[in-house]
Amino acid sequence: MAAAGAAATDLEVVRGKRSALFFAAVAILLGLPLWWKTTETYRAPLPYSDISGLNALLLRLMVPVTVVFTRDSVPLDDQEKLPFTVVHEREIPLKYKMKIKCRFQKAYRRALEHEEEALSLGSVHEAEAMLAEPEKQAEGSLTVYVISEHSSLLPQDMMSYIGPERTAVVRGLIHREAFNIIGRRIVQVAQAMSLTEDVLAAALADHLPEDKWSSDKRRPLKSSLGYEITFSLLNPDPKSHDVHWDIEGAVQRFVQPFLNRLSVAGNFSVDSQILYYAMLGVNPRFDPASSSYSLAMHSLPHVINPVESRLGSSAASLYPVLHFLLYVPELAHSPLYIQDKDGAPVATNAFHSPRWGGIMVYNVDPKIYNASELPVRVEVDMVRVMEVFLAQLRLLFGIAQPQVPPKCLLSGPKSEGLMTWELDRLLWARSVENLATATTTLTSLAQLLGKISNIVIKDDVASEVYRAVAAVQKAAKALALGHLSSAFAASQEAVTSSERAFFDPSLLHLLYFPDDQKFAIYIPLFLPMAVPILLSLVKIFQETRKSWKKPEKID
């Protein structure tokens, strides 16, 4: 009986050891990997190497320039060399991680018969009208016509002419170095019509270090898919002034043609409002010499904040909002003039704030008060008002007056208020700005995801990142080929996809889930199960070790 009891006890011990080993094996080999797999943070793969390569991206901005030589514009020996192509490339010296090179590809050729006929006319405007008929030029391309040195097409004191379209005229030269001299003139004209250091610096103002030109360079609006424009009439004294303005007709006549030309750069919506008893919030200073009131330049920044609270919140808008205010001063502060930094009255009696809008003070003719009782009827001269607002709108979009070379005649803008090559120059700048923004966004996202491992990367976020990287590369290739329209469209897609990925709400789900919270959740779950298994394994290990050291009995 004792032997049978000892055998049963040994069998139970062996069975207990096997059970403990089985539970330990299941927990370690099956339970632990299953728990690890089901609780890990899902992170879809991202193109980290491609994103890091975007910082060293070389942007080569190619401007196709067709140079057309008329008869007697260069010596006969040089005319026999036509056609051929000359490339002028230089690096834009900007303190930016992305290198930018501007490439002017000049294709020299002889003038065709209809071009010779047009350039032989007596007026450059007649020549432009005749040259514009046969074909339309591609976006971003330029055509420069080289005329005879003694041609009457331009005034004798002018060496070049920049037209409203993508065309320019340069005087030729009978000289053995004619091609080199004329080539330098062509590059100067082409730079004024397309890409300059100031244009690119303004586009990359938010990505460049601070310098003394930063305030001017940060004046243009940032690139966006759309913009909202609001025209507001401020009448702080309706008891004295019954103000009427034909804002709808003025927008249709002046603003809408300008916005139609700009529609390739974004969508626009226009609205208007009239605000009564809206004060500027700054007390003007009275000038006894002129019996008028004035606002000094240093007080202009304090004008916007009190008025902005009455304009309606722009926080709910998806796009940047531009405010253009027409302020009719109250009778007690009339007339009111805006002064510049030297204390002289501003000719337009208006000022603008970068990336916000502009304000114009509209004084009522004092003769009206003597002819009628209060309130007097005020008819706003919308032509004078819209001239100011359109000029401010051009500045806010970065469409400034170009720096033309010496002795260059610059044509005035067309009826839309915008020259065709100015629109191309805006698209060049916006394409570069979009690529810089998309690259910065993708780089920041990659650094953030690399530092914080708790962030979930879903498949749709990864697809947006891949789409943004591909769009940046596509835009860079299009810029190098001189395809401005496709480059701008790809740059917009790059910005949209990168920002959609960066601001995806799913990135924040496990962002604030630190390790101490994980221990607080998993210790009560695994500790009661892990302690008995670990103790059993330790006991089995100790007994096995003793059995190895126990000497065998030899009879």
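Sorting the Cα pairs of the stretch 55-194 by distance into bins of 5 Å, from 0 upward, gives 2, 9, 20, 22, 19, 13, 7, 4, 3, 1, 0 percent per bin. Mean projected area of the Cα convex hull of the stretch 423-510, taken over all directions, amounts to 5.4 nm². How far is the Cα center of the stretch 143-188 from the Cα center of the stretch 439-507, in Å? Measuring centre to centre over Cα atoms gives 43 Å. Counted residue by residue at 0.36 nm each, then reduced by the alpha carbon distance between them, the extension gain from Met158 to Glu177 reaches 4.8 nm. Counting only DSSP beta bridges with both residues in the stretch 55-194, the antiparallel share comes to about 35 percent.
Annotation note: GluC sites (Glu not before Pro) in the stretch 56-97 located in DSSP loop regions with a Cβ neighbour count of at most 15 within 10 Å are Glu80. About the centre of its Cα atoms, the chain shows a dipole size close to 2920 debye [charges on the beta carbon of Lys, Arg (+1) and Asp, Glu (-1) only; nearest 20 debye]. Place a label point 7 angstrom from the Cα of Ser486 along the Cα-to-Cβ direction, then list the residues of the stretch 398-439 whose backbone nitrogen is under 15 Å away. Nothing falls inside the zone, counting backbone N under 15 Å. Taking Cα atoms only, the orientation of helix 2-25 departs from the longest principal axis of the chain by about 10 degrees. Here the simple spin-label model places points 7 Å from the Cα toward Cβ, and for Met297 and Leu410 these points are separated by 2.1 nm. The modelled label-to-label distance for the pair Leu527/Thr544, using points 7 Å beyond Cα in the direction of Cβ, is 2.8 nm.
For the chain, the longest principal axis of the C-alpha atoms and the axis of helix 178-193 are separated by about 70°. Scanning residues 5 or more positions from Val243 or on other chains, those with amide H under 5 Å from its amide H are Val378, with H placed 1.01 Å from N in the peptide plane. Return, ordered by residue number, the residues of the stretch 46-71 whose backbone nitrogen is under 16 Å from a label point located 7 Å along Cα→Cβ of Arg109. 64-71, by backbone N distance to the label point. Counting 0.36 nm for each residue step from Glu12 to Arg500 and taking away their Cα separation leaves a gain of 169.3 nm.
Using r as the Cβ-Cβ distance of Leu374 and Ala289, and R0 as 30 Å, what FRET efficiency do you calculate, to the nearest 0.05? Once rounded, the FRET efficiency stands at 0.65. For the stretch 226-397, the antiparallel share of DSSP beta bridges with both residues in that region comes to about 20%. Note that the stretch 498-506 has calculated 3J(HN,Hα) couplings of 5, 6, 5, 6, 5, 9, 5, x, 5 Hz, one per residue in order, obtained from phi through the Karplus relation 6.51 cos²θ - 1.76 cosθ + 1.60 (θ = phi - 60°); glycine and proline are x. Computed over the Cα atoms of the stretch 226-397, the ratio of the radius of gyration to the Kirkwood radius (Rg/Rh) comes to 0.96. Computed from backbone phi, the HN-Hα couplings of the stretch 49-64 come to 5, 5, 5, 5, x, 5, 5, 9, 5, 9, 8, 10, 8, 9, 10, x Hz, rounded to whole numbers (Karplus: 6.51 cos²θ - 1.76 cosθ + 1.60, θ = phi - 60°; Gly and Pro given as x).
Taking the helices alone, the chain has a mean residue ellipticity at 222 nm of -13000 deg cm²/dmol, built from -39,500 (n - 2.57) per DSSP H run of at least 4 residues and averaged over all its residues. With semi-axes defined as the square roots of five times the eigenvalues of the C-alpha gyration tensor, the equivalent ellipsoid of the stretch 284-335 measures 30, 11, 8 Å, largest first. The C-alpha atoms of the chain define a longest principal axis, and helix 459-481 lies at about 40 degrees to it. Rg/Rh, computed from the Cα trace of the chain with Rh as the Kirkwood radius, has the value 1.24.
Hydrodynamic estimate: the Kirkwood radius of the stretch 334-397 over Cα pairs, inserted into Stokes-Einstein at 25 °C and 0.890 mPa s, corresponds to D of 182 µm²/s. For the stretch 318-404, the set of trypsin sites (Lys or Arg not before Pro) satisfying both a DSSP loop assignment and a count of at most 15 other C-beta atoms within 10 Å is given as Lys341, Arg355. Taking amide hydrogens as placed 1.01 Å from N in the peptide plane, the amide H of Gly226 sits under 5 Å from those of Asn267, each at least 5 positions away in sequence or on another chain.
Coordinate-derived values only; no laboratory data. On a predicted model such as this, the values are computed, not experimentally measured, just so you know. Every residue, glycine as well, gets a Cβ built from its backbone with ideal geometry; the counts of neighbours run over all protein chains shown.
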